[in-house]
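Before any comments, here is the structure.
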Amino acid sequence: MDDEHKGLFASIDNLDKNRTVANFESLAGLVIQHFKDEEALGLSAAHVQQHHDLLAIATAKLGDLKSGAASVDQGLVDFLKSWLKNHIKATDIPSYGH
């Protein structure tokens, strides 16, 4: 696993330990950069759509967190961990040809 993916997992672990809006926003920034880096490689439309779908969920959640309508709960952390792990194993690695 490369440093970028390791950083994403470290950021999720940090969010799990310190469930703040700032940590969620920091993770979102890393995910956005990761997606930009990947998309520069010329990914399939389906792969790019997965990115857009997660970003739509994250953007809505960030709005809810900032307004106080939601909190960083275990369900959100579990969703992010699962999504990232499954995305890397099922989508990223095959796309990179590893």
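List the aspartates and glutamates whose alpha-carbon lies under 18 Å from that of residue 81, not counting same-chain residues fewer than 8 positions away?
2, 3, 4, 13, 16, 25, 53, 73, 92
Note down the net charge around residue 55, summing +1 for each Lys or Arg and -1 for each Asp or Glu among other residues with Cβ under 12 Å from its Cβ.
Counting the neighbours of residue 55, the net charge comes to 0.
Under 10 Å, Cα contacts only: if you run a Gaussian network model on the chain, which one of 31, 72, 48 comes out with the highest mean-square fluctuation?
48
If you fit an axis through the alpha-carbon atoms of helix 3-17 and take the longest principal axis of the Cα set of the chain, what angle between them do you get, 0 to 90°, nearest 10?
20 degrees
Could you state the number of Å between the C-alpha centres of the stretch 60-76 and the stretch 1-33?
15 Å
Each value in this text was obtained by applying a stated rule to the coordinates, not by laboratory testing. The model shown is predicted, which means the values in this text are computed figures rather than measured ones. No Cβ is skipped: glycine too gets one built from the backbone with ideal geometry, and neighbour counts run over all protein chains shown.
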